[in-house]
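Worksheet: one structure, shown below.
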Amino acid sequence: MGMMGIMLKLYNTLTKTLEDFEPLHPPKVGLYTCGMTVYDYAHIGHGRKYVGDDVLRRVLTRFGYEVTHVQNVTDVGHLVSDADEGEDKLEKGAAKTGKTVWEVAEYFTKHFYDSMDRLNILRPTIICKATEHIPEQIALIGKLIVKGVAYDTPEAVYFDITKFDGYGTLFGQKLEEQRAAVRDDVKTGEHKKHPADFALWFKRVGRFAVHAMHWESPFGDGFPGWHIECSAMAMKYLGETIDIHTGGIEHTAVHHPNEIAQSEAATGKPFVRYWIHHGHLMMNGAKMSKSLGNIFTVEDVVKKGFDPMALRYFYLTAHYRKPINFTWESLTAAQNALNELRVHALTHQPIHASRNALSQEKLEKIDAYGKKFDDALAGDLNMPQALAVVWEVAKSNIPSSDKYDLLMDFDEVLGLKLNQESGIRNQEEIPEDIQGLLQEREALRREKKFAEADQVRKTIEEKGFVVEDTPDGSKITEK
């Protein structure tokens, strides 16, 4: 059973089954979420995946676990293709912007975390940059060479996939398909033993002779391959076996099988207990991508007059493993739903009644909503179902203070800032200082400081507004 007496079930992409979640060392949970390759702007397709990770983390916390959340920043050596081909993404970004690769990485890392903050995503416990963990990566590569599963060539150190039993079947991939993913038109390393062998360390020779980011290593001057950073950093901070590792669904083809192979070949232990993969955000049925030019950032959404929380609400309307189709109409619907929920929450901001005064029947009803919400979360993070419970509560006839408490409790997981606006429908017409006074008055009333609250009401009236107390909370109008 989970910490709260509820068994959380998660769909493990590796076993393709819904499994009871049992961490290695409860109540501690180690969570590793693949971060960004910081060569361009984060967009709302990324936002979906990171909100999904955030919900997972919030649910684990709600169920009583202590989560250490580690996220990498790929600020080096990720080539355009996952299969070690093409140009380096960071150098491409640098060429485009006239910055150094280091400046490019720093600029886009900052943009990424700003976007995440706007989506109310909790900052990871540990943010680790690939460039700051080169010694750990070199040590791991050294270990693989000693074990005979990696081989050194004049151009790179490669991992020998034939030495890892079952490599070709991880996540149901077939090696033939993988070979197809290694495009014919790009020069594959001429010293590879097998086309799907992947680079652990690129040397500064040939096409990489002028590579801007490079380090000394026992295998020659060069830079790490993309996959090795995740294994090295995940194991450094979370141990050789990690509870949960997440990523986008596209990573099941190359990146995650490679992480498993190199980690388990080095340690002889299972690398990850539960693999979680998020579905894509589609734009009119196509995956959001640079090549199609159908990319929007969180700023684009804000510029069009939407609250970033409406975008977060939109993400929660689909199950994390399913694709979700983005349209401006669907975002508008999400914004309207969020506004309505906020009105429900804020008009019920309690002037606290005591729970003891409630009938047994009402108390049971309130607790039943909480259980229903937790059951939805426990069933592989079923957010559409959880949102349905939120609406049931919003529209129910339970006492105001309990309605407010339940919605605030649920919002710890939803992260929608449901108490953000004051309970005024046409908010834009009420000046901010008046809204502030109204909230101050509500707070005083909650603390039963009625005389002080009345003083605030007089101040509001002196400024030309009328406060009217209704069963639904305080309404404010211009005189």
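The values are calculated or read from the model by the stated rules, or taken from the named source; none is laboratory data. Predicted model, so just to flag it, every value in this text is computed and none were measured. Don't worry about glycine lacking a Cβ; one is built from the backbone with ideal geometry, like all the others, and counts go over all protein chains shown.
Side notes on the structure shown:
- Condition met for ALA266 (outside the structural domain of VAL149 (by TED's automatic domain parsing) and on the phi < 0 side of the Ramachandran plot): no
- Residues that are part of a loop (DSSP other than H, G, I, E, B) and either out of contact with any helix residue (DSSP H, G or I) (no Cβ under 9 Å at 6 or more places or on another chain) or surrounded by 19 or more Cβ atoms within 10 Å (Cβ to Cβ) (or both), drawn from the range 298-311: PHE306, ASP307
- Test: residue in the range 328-344 that is among the aromatic types (Phe, Trp, Tyr) and closer than 19 Å to ASN382 by Cβ: no
- Residue within the range 45-58 that is more than 15 Å from ALA234 (Cβ to Cβ) and without any contact (Cβ under 8 Å) to a residue 12 or more places away in the chain present: no
Results for (1) of a type in the set (A, V, I, L, M); (2) modelled with pLDDT under 95; (3) under 30 Å from the mean Cα position of the chain (by Cα); (4) not in a helix (DSSP H, G or I), shown as yes or no for each residue.
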residue: GLU136; (1), (2), (3), (4): no, no, yes, no
residue: GLY148; (1), (2), (3), (4): no, no, no, yes
residue: VAL157; (1), (2), (3), (4): yes, no, no, yes
residue: LEU170; (1), (2), (3), (4): yes, yes, yes, no
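- Residue check for LYS89: closer than 24 Å to LEU281 by Cα and modelled with pLDDT under 85: yes
- Any hit, the range 427-445, residues being crowded, with 20+ Cβ neighbours inside 10 Å, within 20 Å of LEU341 (Cβ to Cβ) and at pLDDT 90 or above: no
- Options PHE108, PHE112; residue that is modelled with pLDDT of 95 or more and either part of a helix (DSSP H, G or I) or charged (D, E, K, R) (or both): PHE112
- Of all residues in the range 4-22, at least one satisfies being assigned to a loop (DSSP other than H, G, I, E, B), surrounded by fewer than 16 Cβ atoms within 10 Å (Cβ to Cβ) and among the small types (Gly, Ala, Ser).
- Residue ID - surrounded by the fewest Cβ atoms within 10 Å (Cβ to Cβ), chosen from residues in the range 384-412 that are in contact with a Phe, Trp or Tyr (Cβ under 9 Å, 6 or more places away or on another chain) and either outside the structural domain of ILE366 (by TED's automatic domain parsing) or outside any helix (DSSP H, G or I) (or both): SER396
- Which numbered condition THR17 misses (of (1) free of Cβ contacts under 8 Å to residues at least 12 places away in the same chain; (2) of a type outside the set (A, V, I, L, M); (3) touching a Gly at 6+ places or on another chain (Cβ under 9 Å)): (3)
- Among the conditions (1) assigned to a helix (DSSP H, G or I); (2) closer than 30 Å to ALA42 by Cα, PRO124 misses just one, which is (1).
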